[in-house]
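Have a look at the structure below, then the notes.
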Amino acid sequence: MTNREKLHSGEIYYPSDDEIMKEQLLCLDKLYDFNMTRPLEQDKREKMLKEMFAEIGEGCYIEPPLHANWGGKHVHFGKMVYANFNLTMVDDTHIYVGDYTLIGPNVTIATAGHPINPELREKAYQFNRSVRIGKNCWIGAGAVLLPGVTVGDNTVIGAGSVVTKDIPANVVAVGNPCKVLREIGKHDKEYYFKDCKINYNSI
């Protein structure tokens, strides 16, 4: 199996392989152009994202600058996904984000890891594990999602959290390492923030 073939296998491989680097640099060139677009060039951005990403649904919006190892080549977004400034996706293998998910500023989603064994790290080996984020999630500012994790539908990941293990659906989870704080329930249908009530007549 070649290094390129190992990219999505989960096996240890050499990421600076000539075949990989040639393909990756072409993706990064497109990403550079996306980040250089002007705020009024919304149609141009939308067209570019469709060319850059593996999949991207209707109504998605990504605030530049966007950082991605493969320029989004291995990223799958559903519809109406919003990502704020400085989203970093280490997309050496696949990242899946469900419909209506919101991603705060300075979030990192990493699929690549390196062996603990220093002798292997010295040779620059790495491995990749896919990350999956469900539908209608909110990933708070500065959160970090590590290789192989899954976040269930409707879940909120608190700002600054480090997600090292799977987080179930329909919960608020926070911290480092990120842990479930509580389930999303009746209270959240009445209050949108602390003691601030939702006025359904005005929205």
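The values are calculated or read from the model by the stated rules, or taken from the named source; none is laboratory data. All of these numbers come straight from a predicted model, not from anything done at the bench. FYI the Cβ positions are ideal-geometry reconstructions off the backbone, even for glycines, and counts take in every protein chain you see.
Okay, here's what the table says:
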quantity: Matching entry among F34, F53 (being over 23 Å from G148 (Cα atoms), aromatic (F, W, Y) and crowded, with 18+ Cβ neighbours inside 10 Å); calculated: F34
quantity: Residue within segment 71-82 that is within 30 Å of L120 (Cα to Cα), surrounded by fewer than 16 Cβ atoms within 10 Å (Cβ to Cβ), modelled with pLDDT of 95 or more and in contact with a Phe, Trp or Tyr (Cβ under 7 Å, 6 or more places away or on another chain) present; calculated: no
quantity: Condition met for P147 (assigned to a loop (DSSP other than H, G, I, E, B) and surrounded by fewer than 16 Cβ atoms within 10 Å (Cβ to Cβ)); calculated: no
quantity: From the options T88, T93, T164, residue that is surrounded by fewer than 17 Cβ atoms within 10 Å (Cβ to Cβ) and either under 11 Å from the mean Cα position of the chain (by Cα) or under 28 Å from T37 (Cα atoms) (or both); calculated: T88
quantity: Every pair of residues 6+ apart whose Cβ atoms lie under 8 Å, when the first sits in segment 174-203 and is under 25 Å from A143 (Cβ atoms) while the second is of a type in the set (F, W, Y); calculated: I198/Y191; I198/Y192
quantity: From T155, T111, T93, T150, residue being free of Cβ contacts under 8 Å to residues at least 40 places away in the same chain and under 26 Å from T2 (Cα atoms); calculated: T111
quantity: Filtered residues of segment 60-74 (kept if part of a strand (DSSP E or B) and not aliphatic (A, V, I, L, M)); calculated: Y61, H67
